[in-house]
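I have placed the structure first, in the form of structure tokens, so that the comments after it can refer back to it.
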Amino acid sequence: MFAIGFWFGYEVVWRAFRHEGVPEIWVSKLFVYVIVATVVGARLGHVFFYDWAYYSHHLGDIPKIWEGGLASHGGVIGIMVAIWIYSKVVTKRPMLWTFDRVVLPVGVVAALIRVGNLFNHEIYGGTTDLPWGFRFIENISAYLQGAEARFTAPCHPTQLYEALAYLLTFAVVMWLYWKRNAQEREGLLFGVFMLGIFGARFLVEFVKNVQEPWEMSMRAACGLDMGQVLSIPFIVLGVWLIVRAMRKPRLPLKYPNKFADEKSKK
């Protein structure tokens with residue numbers, strides 16, 4: 001799902017960059033930055049936000065991403081750091097210029113990842129009597145090793161809830177870019193994306209099972225889990241970016257619909 005998402009993301013950003021007449025080489029360089037940042041950031045996010053008690057004593061297991069453990073909040077932080085470097089080294093433009101373009105396909109990427117979680121019978125919700133409840137294989141690791149499947153009671157397919165919300169965010173952001181030229185308001189697309197993605201994540205968490213047992217005490221103490229606490233800063237950032245963008249005058253851009261030469265990138 002990650003691989004399909006990266007391919008789709010490349011195609012969407014390629015078209016946006018061509019639409020605005022920037023050098024084509026910027027797309028491939030951005031692709032490398034984002035892939036590395038996503039994987040490294042998501043892995044370190046899981047390590048530090050969710051399971052540091054284990055990894056602090058097993059540092060050699062941190063690179064073993066094939067054993068599972070990627071956190072979306074960490075991936076976003078990794079991408080933000082990478083975009084800062086990319087903007088300084090490659091585009092020489094403000095970070096928000098890149099963010100407003102790179103978020104265009106991310107809703108689909110995030111939705112694909114949640115579909116992957118569904119395939120893996122992981123990160124699902126609590127029990128429900130709604131007609132679309134899923135019976136997940138509770139002992140999925142043992143089942144893959146040949147054990148008899150042990151199914152849950154019908155549970156909320158929270159992976160699909162999030163996937164649908166992310167697809168809606170994708171549709172809104174694409175509409176704003178291609179039909180409303182929202183990229184002429186710096187930070188608006190990035191703000192809408194952050195609010196849509198992490199607002200949905202915050203709400204869905206209320207019916208989702210915690211990812212780590214220690215989060216149960218966290219829920220008992222404040223009513224929120226780690227995913228919700230980590231989402232709050234991103235929601236606040238999204239609101240602030242939207243307000244900031246709408247208060248500033250629109251900056252008309254040119255759309256030559258062809259890539260520029262590297263020499264004319266500025």
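Which of the residues spanning segment 116-126 are open to solvent by less than 40 Å² (accessible area, probe 1.4 Å) and either under 16 Å from Arg201 (Cα atoms) or free of Cβ contacts under 8 Å to residues at least 24 places away in the same chain (or both)?
Quick first cut of segment 116-126, residues open to solvent by less than 40 Å² (accessible area, probe 1.4 Å) only: 116-118, 124-126.
Asn117, Leu118, Tyr124, Gly125, Gly126 - these are the residues of segment 116-126 that are open to solvent by less than 40 Å² (accessible area, probe 1.4 Å) and either under 16 Å from Arg201 (Cα atoms) or free of Cβ contacts under 8 Å to residues at least 24 places away in the same chain (or both).
Of all residues in segment 92-125, how many are of a type in the set (Phe, Trp, Tyr) and in contact with a Phe, Trp or Tyr (Cβ under 7 Å, 6 or more places away or on another chain)? Quick ask: steps written out before the conclusion?
Just the residues of segment 92-125 that are of a type in the set (Phe, Trp, Tyr), to begin with: 97, 99, 119, 124.
Cutting the leftovers down to in contact with a Phe, Trp or Tyr (Cβ under 7 Å, 6 or more places away or on another chain) gives us 99, 124.
Residues flagged as of a type in the set (Phe, Trp, Tyr) and in contact with a Phe, Trp or Tyr (Cβ under 7 Å, 6 or more places away or on another chain) within segment 92-125 amount to 2.
Among the numbered criteria (1) within 21 Å of Ile83 (Cα to Cα); (2) touching a helix residue (DSSP H, G or I) at 6+ places or on another chain (Cβ under 8 Å), which one does Glu184 miss?
(2)
Going by the structure shown, is Gly133 small (Gly, Ala, Ser), in contact with a strand residue (DSSP E or B) (Cβ under 9 Å, 6 or more places away or on another chain), more than 30 Å from Arg244 (Cα to Cα) and open to solvent by less than 60 Å² (accessible area, probe 1.4 Å)? Break it down stepwise before answering.
Working: small (Gly, Ala, Ser): yes; in contact with a strand residue (DSSP E or B) (Cβ under 9 Å, 6 or more places away or on another chain): yes; more than 30 Å from Arg244 (Cα to Cα): yes; open to solvent by less than 60 Å² (accessible area, probe 1.4 Å): yes.
Judged against the criteria, Gly133 is a match.
Across segment 150-168, which residue is nearest to Ile140 (Cα to Cα) among those that are open to solvent by 10 Å² or more (accessible area, probe 1.4 Å) and assigned to a loop (DSSP other than H, G, I, E, B)?
For segment 150-168, the residue satisfying everything is Arg150.
I want to confirm something. Restricting to segment 1-48 and keeping residues that are of a type in the set (Asp, Glu) and in a helix (DSSP H, G or I), which single residue is most open to solvent (accessible area, probe 1.4 Å)?
To start, the set of residues in segment 1-48 that are of a type in the set (Asp, Glu) comprises 11, 20, 24.
So of that shortlist, the ones also in a helix (DSSP H, G or I) come out as 11, 20.
Details: Glu11: 62, Glu20: 24 Å².
Step by step, filter segment 1-48, then rank; the result is Glu11.
Just for segment 75-85: of the residues that are more than 9 Å from the chain's Cα centre (by Cα) and more than 12 Å from Val102 (Cα to Cα), which one is least open to solvent (accessible area, probe 1.4 Å)?
Of the residues in segment 75-85, the ones more than 9 Å from the chain's Cα centre (by Cα) are 77-85.
Now restrict to residues that are more than 12 Å from Val102 (Cα to Cα): 77-78, 81, 84-85.
Working: Ile77: 74, Gly78: 16, Val81: 79, Trp84: 131, Ile85: 66 Å².
Looking at residues that are more than 9 Å from the chain's Cα centre (by Cα) and more than 12 Å from Val102 (Cα to Cα), I get Gly78.
Kindly indicate whether any position in segment 91-111 is open to solvent by 40 Å² or more (accessible area, probe 1.4 Å), over 21 Å from Val192 (Cα atoms), part of a helix (DSSP H, G or I) and of a type outside the set (A, V, I, L, M).
No, that holds for no residue.
Please indicate, with yes or no, whether at least one residue in segment 155-165 is modelled with pLDDT under 95 and within 27 Å of Val108 (Cα to Cα).
Here is the first cut: in segment 155-165, the ones modelled with pLDDT under 95 are none.
No, that holds for no residue.
What single numbered condition from (1) part of a helix (DSSP H, G or I); (2) touching a residue at least 24 places away in the same chain (Cβ under 8 Å) fails to hold for Ser217?
(2)
So Ser231 clears everything in (1) surrounded by 22 or more Cβ atoms within 10 Å (Cβ to Cβ); (2) touching a Gly at 6+ places or on another chain (Cβ under 7 Å); (3) more than 25 Å from Lys88 (Cα to Cα); (4) not β-branched (Val, Ile, Thr) except one condition, right? Which one?
Here Ser231 meets the rest and fails (2).
Modelled with pLDDT of 90 or more and surrounded by 17 or more Cβ atoms within 10 Å (Cβ to Cβ), is that true of Ala71?
Working: modelled with pLDDT of 90 or more: no; surrounded by 17 or more Cβ atoms within 10 Å (Cβ to Cβ): yes.
Judged against the criteria, Ala71 is not a match.
The values are calculated or read from the model by the stated rules, or taken from the named source; none is laboratory data. In this text the structure is predicted, and so the values were computed from the model without any measurement. All Cβ positions, glycine included, derive from the backbone under ideal geometry; neighbour counts span all protein chains shown. In case anyone asks, the SASA skips ligands and DNA or RNA and just uses the protein heavy atoms, side chains included. Shrake-Rupley method; radii C 1.70, N 1.55, O 1.52, S 1.80 Å.
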